[in-house]
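Every number in this text was worked out from the coordinates using simple rules, so none of it is lab data. This one's a predicted model, so the numbers in the text were calculated from it and none came from an experiment. Heads up, the Cβs are rebuilt from the backbone with ideal geometry, glycines too, and the neighbour counts pull from every protein chain shown.
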Amino acid sequence: MFPGLRVGYVISPPLLVEFFTRAKALSDRQTPMLEQAVLADFLGEGHMERHIRRMRRLYGLRREALLDSLQKHFGDRAQVLGDAAGMHTMVRFEDKAIWQRAIRNKVELVSAADYYLTKPPGRLIFGYSALSERAIREGIMRLVG
């Protein structure tokens with residue numbers, strides 16, 4: 001849920017439960033009991049499922065804003081790659097100056113080059129989970145040449 005909670009869990013096949021129990025005992029003997037109990041209640045009362053549904057809806061709207069803006073401003077000059085999942089998407093641009101415009105106009109993007117053995121031309125990663133739909137649309141407009 002968040003790093004400060006420092007509670008994790010594993011859903012394991014029955015044959016591996018003993019192995020994971022021993023590994024846990026060797027690596028960490030101070031699991032916070034109160035936090036575990038609160039997390040168990042949180043999960044048991046369905047709050048996590050509600051949170052996930054809410055976040056999927058929110059991230060879906062943000063992804064839609066990104067895709068709509070890319071289509072509106074770039075059309076066929078931008079190709080969205082991959083599945084409609086996660087909190088970021090990869091886009092291939094025909095326009096070779098897109099990276100320079102992103103830097104000049106303060107649009108934070110990540111090159112996909114580090115994720116390939118060879119350098120893919122014009123592939124950028126757009127993260128959208130922390131941005132409003134308005135900010136996403138504004139950022140795409142800043143990339144237009």
May I ask you to list pairs of residues, at least six apart or on different chains, whose Cβ atoms are under 7 Å apart, with the first in the range 5-23 being more than 18 Å from residue 37 (Cβ to Cβ) and the second being of a type in the set (Gly, Ala, Ser)? 20/12
Pairs under 6 Å by beta carbon, first residue farther than 14 Å from residue 137 by Cβ in the range 58-78, partner aromatic (Phe, Trp, Tyr) and buried (at least 16 other Cβ atoms within 10 Å of the Cβ), six or more apart or different chains? 78/93
Counting only residues that are under 23 Å from residue 43 (Cβ atoms) and surrounded by 10 or more Cβ atoms within 10 Å (Cβ to Cβ), the range 11-30 contains a total of 8
So for the range 34-53 (the condition being surrounded by 10 or more Cβ atoms within 10 Å (Cβ to Cβ), within 30 Å of residue 92 (Cα to Cα) and within 23 Å of the chain's Cα centre (by Cα)), does at least one residue qualify? yes
Just checking, how many residues over the range 98-145 are among the aromatic types (Phe, Trp, Tyr) and farther than 17 Å from residue 71 by Cα? 3
Can you confirm whether the range 84-93 contains a residue that is out of contact with any Ser or Thr (no Cβ under 7 Å at 6 or more places or on another chain), charged (D, E, K, R) and more than 18 Å from residue 110 (Cβ to Cβ)? no
Take the residues in the range 100-145 that are in contact with a strand residue (DSSP E or B) (Cβ under 7 Å, 6 or more places away or on another chain) and of a type in the set (A, V, I, L, M, F, W, C), then tell me which one is surrounded by the fewest Cβ atoms within 10 Å (Cβ to Cβ). 110
If we take the range 1-115, then helices (runs of 4 or more DSSP H) inside it with 3 or more residues that are under 26 Å from residue 128 (Cβ atoms) are 47-74, 98-104
Of all residues in the range 116-145 being of a type in the set (A, V, I, L, M, F, W, C) and assigned to a helix (DSSP H, G or I), which is nearest to the chain's Cα centre (by Cα)? 136
